[in-house]
Amino acid sequence: MGRPFASFVFGIAAHKVADALRSSVRSAVPTQDLPDGPDEGPGPEETVVRYIEVEHARMLLSRLPDNQRELLLLRVVSGLSAEETGNVLGMSPGAVRVAQHRALARLRQMAELESA
């Protein structure tokens with residue numbers, strides 16, 4: 001007598017699965033087109049340096065008084081004009097420019113004291 005029929009069927013199924021797995025490993029996997037040249041974007045080192053600089057700027061900004069921080073965020077980060085910033089803060093455009101100059105001078109002074 002031979003082995004039971006169920007064992008025979010399971011053996012065939014196991015071999016078919018093994019064949020399918022071997023076949024899938026051997027088949028070519030399509031890849032994306034290769035770029036024409038090297039990546040011009042920032043490398044890992046530059047990305048880390050930028051992150052550190054941004055965190056340092058945030059820390060310095062957090063030490064400014066609220067009104068100076070808000071003014072710099074509106075002018076520099078959001079890109080609003082002196083007139084638009086003045087409308088938001090209730091200041092004249094000239095007062096915005098003077099306050100911006102003072103806030104930047106204070107930031108510069110804090111950065112210099114920190115690096116000394």
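Observations on the model:
- Among residues of the stretch 20-42 that are surrounded by 10 or more Cβ atoms within 10 Å (Cβ to Cβ), those with a beta-carbon under 8 Å from a residue that is at pLDDT 70 or above at least six positions away or on a different chain give the pairs PRO42/ARG50.
- First in the stretch 55-79 and touching a residue at least 24 places away in the same chain (Cβ under 8 Å) and within 13 Å of MET110 (Cβ to Cβ), second anywhere and surrounded by fewer than 17 Cβ atoms within 10 Å (Cβ to Cβ) and not small (Gly, Ala, Ser), Cβ under 7 Å, 6 or more apart: LEU60/MET110; LEU61/ARG69; ARG63/MET110; LEU64/ARG106; GLN68/ARG106
- For the stretch 71-88, a tally of residues being of a type outside the set (Gly, Ala, Ser) and either surrounded by 16 or more Cβ atoms within 10 Å (Cβ to Cβ) or under 20 Å from the mean Cα position of the chain (by Cα) (or both) returns 9.
- Every residue from the stretch 105-116 that is aliphatic (A, V, I, L, M) and either loosely packed, with under 11 Cβ neighbours inside 10 Å or outside any helix (DSSP H, G or I) (or both): ALA105, LEU113, ALA116
- Counting only helices (runs of 4 or more DSSP H) that fall entirely inside the stretch 1-104 and contain at least 1 residues that are at pLDDT 85 or above and not polar (S, T, N, Q), the qualifying elements are 44-62, 66-72, 82-89.
The values are calculated or read from the model by the stated rules, or taken from the named source; none is laboratory data. Just so you know, these numbers come straight off a predicted model, no measurement behind them. All Cβ positions, glycine included, derive from the backbone under ideal geometry; neighbour counts span all protein chains shown.
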